[in-house]
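The values are calculated or read from the model by the stated rules, or taken from the named source; none is laboratory data. What you see is a predicted model, and the numbers here were worked out from it, not measured in a lab. All Cβ positions, even for glycine, are placed from backbone atoms using ideal geometry, and neighbour counts span all protein chains on display. Just so you know, the surface numbers come from the protein's heavy atoms only, side chains and all, with ligands and any DNA or RNA stripped out. Shrake-Rupley method; radii C 1.70, N 1.55, O 1.52, S 1.80 Å.
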Amino acid sequence: FLGFAAGVMVAASVWSLLIPAIEEAESQGVPGWLPAAGGFLLGVGFLMALDSVMPHLHLGADQPEGHSSSWKRTTLLVLAVTLHNIPEGIAVSVPIYQATGSRRRAFVYSFLSGLAEPLGALLGWLVLRPIMSDTLFGLLFAGVAGIMVFISLDELLPAAREYGEHHL
């Protein structure tokens, strides 16, 4: 399921985010690849920076990554899942179930991590509303694509390989 979620995220990044970002830039008379590549790299860089500073725990790891923290192992796991929250419910619930062995915890923590999306949408709307344009919209789409591909390659595919047949 983790490999499937990674594949869905990469496909969605290309077809639903990068291609519309390229088309939007071209409709504005800008070379389509330029803002798309820039936004993509900004998205990857943003998540790499978060990944290096936020305390979090990867599945199967004994030591947390990011800044040191006195938080419990489960707290670090929930923070990591929340940080990487995306619309793929599988990518959220499966790792929690693997870490805790509890279906109830997997459901509750997945539900709670999903609250990051409406809060992020509200924050984005408040910050970007005064400066939103078609060009910025395309740049943001490309940035989200970079974030999703980074999550797929850095988190989901390695976890899928660790817990199953990596070719699948």
### Task
Would you mind getting me the FRET efficiency between residue 132 and residue 107? Use the beta-carbon distance for r and R0 = 30 Å, nearest 0.05.
0.25
### Summary
Sorted by chain and number, the residues with a modelled amide H under 5 Å from that of residue 32, at a separation of 5 or more or across chains, are 26
### Query
Under a Cβ-Cβ cut-off of 12 Å, what is the net charge of the residues other than residue 35 that fall near it, where Lys and Arg count +1 and Asp and Glu count -1?
-4
### Task
Take 62, 154, 134, 51 and sort them by solvent-accessible surface of the protein heavy atoms, 1.4 Å probe, largest at the top.
62, 134, 154, 51
### Query
So how much accessible area does residue 135 have, in Å² to the nearest 10, using a 1.4 Å probe?
70
